[in-house]
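Reading through the structure tokens given below for one structure.
Quick note: the coordinates plus some simple rules give every number you see, no bench work behind them. Values in this document were obtained by computation on a predicted structure and should not be read as measured data. Cβ placement follows ideal geometry from the backbone for every residue including glycine, while neighbour counts extend to all protein chains displayed.
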Amino acid sequence: MTLNTEQLQPGTETQGMTVTARTQRQLVVRRFFRHKGALFGLVMFTFVFVLAFSSIGFGPIPGWWDKPWTGTGTLADRGRPTLSLLPEFLGGTGVHLGEHPFGQDNLGKDYFALTMRGTQISIIVALAIGLISTIVGTVIGALAGYFRGRTEAVLMRFTDVMITIPVLVIGAVVGQMAGNLGPYFLALMLGLITWTSVGRLVRGQFLSLREKEFVEAARAVGTPATRIIFKHIMPNTLGVIIVSATLAISSGILLETALSFLGFGVKPPDTSLGLLIETYRSAMVTRPWLFWWPGIFIVVIALSVNFIGDGLRDAFDPRQNRVRD
């Protein structure tokens with residue numbers, strides 16, 4: 001029989017039982033991979049990510065799909081999808097992709113390639129928003145929570161002002177100004193306005209940890225504030241930061257979708273999943289596949305990232321843990 005503990009040394013025998021010591025990192029990884037929802041989300045997100053970036057390629061790297069997302073063609077069968085997943089013994093035509101598995105748009109563009117390009121841009125924008133907002137929120141929350149006083153008052157009043165303005169309204173203004181400059185600049189600007197929730201969470205953690213004995217001991221021996229923040233407090237806040245980052249990514253793709261649908265996000269000639277939905281919403285009745293394919297990918301990405309975040313939360317916080325060590 002094996003016990004999981006961090007207090008005992010590896011190999012210690014206790015009443016006939018061998019104790020296997022695990023580090024905190026090992027315990028977190030173990031809990032995460034025992035979370036079924038998190039594993040499902042990780043598999044789905046990895047599948048969508050690999051499919052999007054390997055199919056049509058990215059930048060100078062070519063893909064395995066032979067039709068470009070910018071090319072036009074001749075409509076065949078009103079642009080209906082050629083994808084078939086029903087085997088012949090069940091009355092289908094067999095499992096095959098065909099020439100245009102997701103169909104064609106009004107100009108004859110291959111909709112699979114177009115959807116993959118939209119997925120690429122949406123994922124890049126969402127990841128950039130999550131990364132930038134997490135960095136900005138962590139810095140502001142750490143400074144406000146550790147230094148207190150005037151620093152905290154100024155930073156938190158600024159945060160309160162940002163919170164009172166709806167994100168969609170700020171995003172629409174920023175998107176209108178930055179959308180024509182490309183999706184990467186748009187992601188940068190959106191990341192700079194969506195950090196407030198991360199900042200408040202990190203500030204709360206720092207307010208709690210700065211009063212702990214190990215921090216007081218570090219101050220007593222003259223340890224610089226920067227070293228205390230990054231060496232002693234930040235590692236103990238890492239779980240909250242990582243979970244907040246995954247939630248920011250999920251919110252980022254939904255924000256980008258909403259802005260692009262309203263015309264304030266990614267602009268042509270590039271595309272995104274939200275822009276595809278906005279462009280072909282009028283075809284929802286006559287050719288619904290033009291509307292549903294990007295919608296399905298948005299839902300899959302958002303849900304998979306949320307499942308990953310749920311698993312990370314349970315892995316870092318044993319009090320909410322639903323899986324056994």
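How much of the DSSP beta bridge set in the chain is antiparallel, as a percent to the nearest 5?
Percentage antiparallel, nearest 5: 55.
Express in whole angstrom the spacing between the alpha-carbon centres of segment 274-304 and segment 97-173.
Rounded to whole Å, the Cα centres lie 20 Å apart.
To test your reading of the geometry: what angle, between 0 and 90 degrees and rounded to tens, separates the Cα axis of helix 24-33 from the longest principal axis of the chain?
For helix 24-33, the angle is close to 30 degrees.
What are the semi-axes of the equivalent ellipsoid of segment 167-325, taken as the square roots of 5 times the eigenvalues of the Cα gyration tensor, listed largest first and rounded to whole Å?
Here the semi-axes work out to 40, 20, 10 Å.
For the chain, build the charge dipole from Cβ charges (+1 Lys, Arg; -1 Asp, Glu) around the Cα centre, then report which of P60, W292, L238 sits farthest towards its positive end.
Comparing the listed Cα positions along the dipole, L238 ranks first.
To the nearest 10 degrees, how steep is helix 234-262 against the longest Cα principal axis of the chain, on a 0 to 90 scale?
20
Expressed as an acute angle from 0 to 90° and rounded to the nearest 10, what is the orientation of the C-alpha long axis of helix 149-164 relative to the principal long axis of the chain?
Value to nearest ten degrees: 20.
Just want to confirm a number: the relative contact order over the chain, from Cα pairs under 8 angstrom separated by 6+ residues, in percent.
RCO, the chain: 23 percent.
If each of Y184 and L254 carries a label point 7 Å out from its Cα toward its Cβ, how far apart are those two points in nm?
2.9
Among I193, I308, I233, what is the fewest-to-most ranking by other Cβ atoms within 10 Å?
I193, I233, I308
Tell me the label only: which of [x] 210; [y] 151; [z] 198 is volume of the Cα convex hull per residue in Å³ as calculated from this structure?
Checking each listed value against the structure points to [z].
How far apart, in nanometres, would the label points at L192 and Q26 be if each is projected 7 angstrom from Cα along the Cα-to-Cβ direction?
If labels sit at L192 and Q26, their model points lie 4.5 nm apart.
Per residue of the chain, what 222 nm ellipticity follows from adding -39500 (n - 2.57) for every DSSP H run with n ≥ 4, rounded to the nearest 500?
Helix contribution divided over all residues of the chain: -19500 deg cm²/dmol.
Roughly how big is segment 33-320's charge dipole about its Cα centre, with Cβ charges of +1 (Lys, Arg) and -1 (Asp, Glu), in debye to the nearest 20?
Values: 22 positive and 17 negative charges, 159 e Å.
Charge dipole of segment 33-320: 760 debye, to the nearest 20.
Check cross-link reach from K67 to the lysines: straight Cα distance under 21 Å, and skip same-chain residues fewer than eight apart.
Here the lysines satisfying the reach criterion relative to K67 are K109.
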